[in-house]
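See structure below.
The values are calculated or read from the model by the stated rules, or taken from the named source; none is laboratory data. All values derive from a computational prediction rather than experimental measurement. Cβ placement follows ideal geometry from the backbone for every residue including glycine, while neighbour counts extend to all protein chains displayed. Please note that ligands, DNA and RNA were not included when accessible areas were found on the heavy atoms of the full protein model with its side chains. Shrake-Rupley method; radii C 1.70, N 1.55, O 1.52, S 1.80 Å.
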Amino acid sequence: MPVLIAACALAMTLIGGVVAQRIGDRRHLVLGLAAGLMLGVVGFDLLPEALRTQPRQVFGVPAALLMFVAGFLALHVVERSVAIHRAHEGEYASHTHGHGHAHDPVKGVGLAAAAALVGHSVMDGFAIGAAFQAGSTVGAVVAIAVISHDFADGFNTYTITRLYGNGRRRAQILLGADALAPVVGAAITLAFTIPSGALGLYLGFFAGFLLYLATSDILPEAHSPHPSSTTLICTVAGAAIMWLVIGLAD
């Protein structure tokens, strides 16, 4: 089941890449809905399940919540590091423009960013498999969250590769790798069973990871070109849908 659901994530990633090649004016609505779905998964399912599975406390704070903060900060540190590196590459490019040295470093930034998205998609598939080990309800809602935001992953993988001067074929190859990555991640979890306590810590960490994606990446991207009330309604609707899904599943 996790691998089959990861295959749905594969399809959604490819759809995101196709949309990136033929962009319309409704992308902000899809991203707003995806952010709401992810927020609902974090607040209504992942954190409660993490706290239930791993009740141990460290200095008065639940260990699962410590991992939640760690997951948020880990992705923040990685993204800031990439941003700093990207700024340095851009500065290098501006100084060397006209001398034939700027293009390869700038292309490398695009490839590195796309490769990071591929690695993130492997973790998405792993998250689906790990969530199903925690229970079918947790697995289903995590799958919904992952599949919904894999549209943005596919879109961004293609876009960022092309943005830094890489060819269309190279962007399509990286899009294909990003699409296959969730299936690989889900298949890894079939080889072993995660202990209950460790699973709770992982769910907490992944909750922080998802919250960062929703609030720091997807929502700003959804609202920056179209700061509309319709996008906001889609975000609220996404959270409400997850509340309904989890309530019905329980």
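In table form, for the structure just shown:
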{"item": "Shape call, the stretch 128-250: gyration tensor on alpha carbons, a/c limit 1.5", "result": "oblate"}
{"item": "Most to least accessible of Val77, Val30, Val142 (protein chains only, probe 1.4 Å)", "result": "Val77, Val30, Val142"}
{"item": "Per DSSP, loop chymotrypsin sites (Phe, Trp or Tyr not before Pro) in the stretch 1-76 with at most 10 further Cβ within 10 Å", "result": "Phe59"}
{"item": "Positive minus negative residues near Phe132 (Lys, Arg vs Asp, Glu; Cβ under 15 Å)", "result": "-3"}
